[in-house]
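Read-outs throughout are calculated quantities, based only on the coordinates presented, and are distinct from any laboratory measurement. Computed from a predicted model, the values in this text were never measured in an experiment. Note that we place each Cβ from the backbone using ideal geometry, even for glycine, and neighbour counts take in every protein chain shown.
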Amino acid sequence: MTDTRTVGVLGTGIMGAAMARNLAKAGHTVRVWNRTRAKAEPLAADGAHVAGTPTEAVRDADVVLTMLYDGGTVLEVMREAAPALRPGTVWAQSTTVGLEAAGELAALAREHGLVLYDAPVLGTKQPAEAGRLTVLAAGPAEGRETVTPVFDAVGARTVWTGEDAAAATATRLKLVANSWVIAATAATGEALALAKGLGVDPQGFFDLIADGPLDMGYLHAKAGVILDGAYLPPSFAVATAEKDARLIVQAGEAHGVRLDVAAASAERFARAAARGHAGEDMAAAYFASFGDGSDDSGGPGESAEPAGS
Ligand code: NAP
């Protein structure tokens with residue numbers, strides 16, 4: 001077997017487009033489909049074939065890569081595409097889904113004789129564009145050589161978590177990692193909101209924790225978005241982060257684990273979304289700290305958004 005594959009990519013949003021581009025760059029034959037075709041069109045310049053339907057995108061594929069919004073979306077799109085696939089086709093499922101949906105997707109794969117890899121990714125827009133994601137993968141060891149070149153094109157590293165995609169060990173690890181990402185995002189937004197409310201210069205806070213164990217690159221990345229008001233384009237949108245926070249809470253509940261911070265974060269994302277920030281970077285959860293959500297005021301005693309001020 002050569003190292004190049006025919007890959008059908010379903011979903012060319014923030015992450016899917018970057019992944020498809022890197023697959024094409026690595027020499028794979030790439031066919032892409034996106035619900036909103038205009039978002040897939042630019043990939044033609046990278047050598048990808050832009051398909052009009054999911055079925056067209058996956059025809060003759062060695063590997064199908066799904067990078068859609070959530071479990072329900074993947075089920076809907078793959079129910080349409082799967083009948084066009086020959087049994088034994090590899091399906092790399094990278095969308096972040098909940099544990100219940102992961103089970104439904106595994107059942108769909110079984111029904112159509114597809115070889116499923118539960119393969120969520122860690123890393124956001126910029127690492128996706130650089131082909132430096134971390135792929136978390138669970139699926140059969142036998143035949144991995146089919147999917148490995150795909151993971152290698154989109155990621156800097158693949159972390160194998162098991163051989164049974166239906167057990168969703170990769171998705172479990174991804175949900176744990178995202179609970180950390182979401183908590184750090186919420187903590188960053190609240191620290192900056194409190195600093196603003198108390199009249200504390202954020203730089204004083206950064207200087208205080210510099211070079212100590214409380215400092216972290218992620219704080220500076222998300223605080224930078226807030227302080228610069230650079231919410232667009234998003235690396236990870238508020239609405240998507242709310243979806244993930246709720247998946248995390250549900251996964252905890254299903255296993256007897258109460259997750260107050262994730263639940264509160266979901267509410268913060270929902271409040272920010274309701275105030276018009278759904279499509280902005282998840283750092284915009286910051287706005288949930290101000291006003292009562294019934295108006296568009298951006299900060300204490302202000303009528304404009306406080307970003308950068
Ligand atoms: P995104 O830009 O919003 O892309 C979502 C994709 O899903 C788009 O292609 C969208 O199509 C499609 N979609 C949504 N609803 C659909 C429906 N009903 N039918 C068909 N297609 C539908 O989001 P993203 O940031 O790339 O995230 C994609 C997945 O990766 C999510 O599960 C997310 O949690 C996960 N993830 C994201 C990041 C990140 O940092 N952004 C990192 C790791 C994992 P349209 O273009 O037509 O809306």
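What value in Å³ per residue do you get for the convex hull of the alpha-carbon atoms in the stretch 6-167?
Cα convex hull per residue, to the nearest whole number: 90 Å³.
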Checklist outcome for this item: Scoring the stretch 11-124 by relative contact order with C-alpha pairs under 8 Å, at least six apart, yields a percentage of 22 percent
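Taking only the C-alpha atoms, wrap a convex hull around the chain and report its volume per residue in Å³ as a whole number.
Working: hull volume 42.6 nm³, N = 309.
Dividing the Cα hull volume of the chain by its residue count gives 138 Å³.
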Checklist entry - Magnitude of the Cβ-charge dipole of the stretch 172-303, K/R +1 and D/E -1, about the Cα centre, nearest 20 debye? => result 540 debye
Checklist entry - Once you put a point 7 Å from the Cα of Ala230 and another 7 Å from the Cα of Thr4, both along the Cβ direction, what distance in nm separates them? => result 3.7 nm
Checklist entry - What percent antiparallel are the DSSP beta bridges of the chain, to the nearest 5? => result 15 percent
Checklist entry - Do any of Lys196/Lys222; Lys39/Lys125; Lys125/Lys243; Lys196/Lys243; Lys39/Lys222; Lys222/Lys243 go past 21 Å between their Cα atoms, and which? => result Lys196/Lys243; Lys39/Lys222
Next on the checklist: Give the separation of the Cα centroids, the stretch 11-28 to the stretch 245-289, in Å.
Outcome noted: 28 Å
Checklist entry - Cα centroid distance between the stretch 88-142 and the stretch 157-201, in Å? => result 19 Å
Item to check | Gyration tensor verdict on the stretch 1-83 (Cα atoms; rounded if a/c is under 1.5, prolate if a/b is larger than b/c, oblate otherwise) | outcome: oblate
Next on the checklist: Can you compute the modelled spin-label distance between Glu80 and Thr36, with each label point 7 Å from Cα toward Cβ, in nm?
Outcome noted: 1.6 nm
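Over the stretch 172-303, what number does the Rg to Rh ratio reach, with both radii from the alpha-carbon atoms and Rh per Kirkwood? Don't skip to the end; give the middle numbers.
Details: Rg = 14.8 Å, Rh = 15.2 Å.
The Rg/Rh ratio comes out at 0.97.
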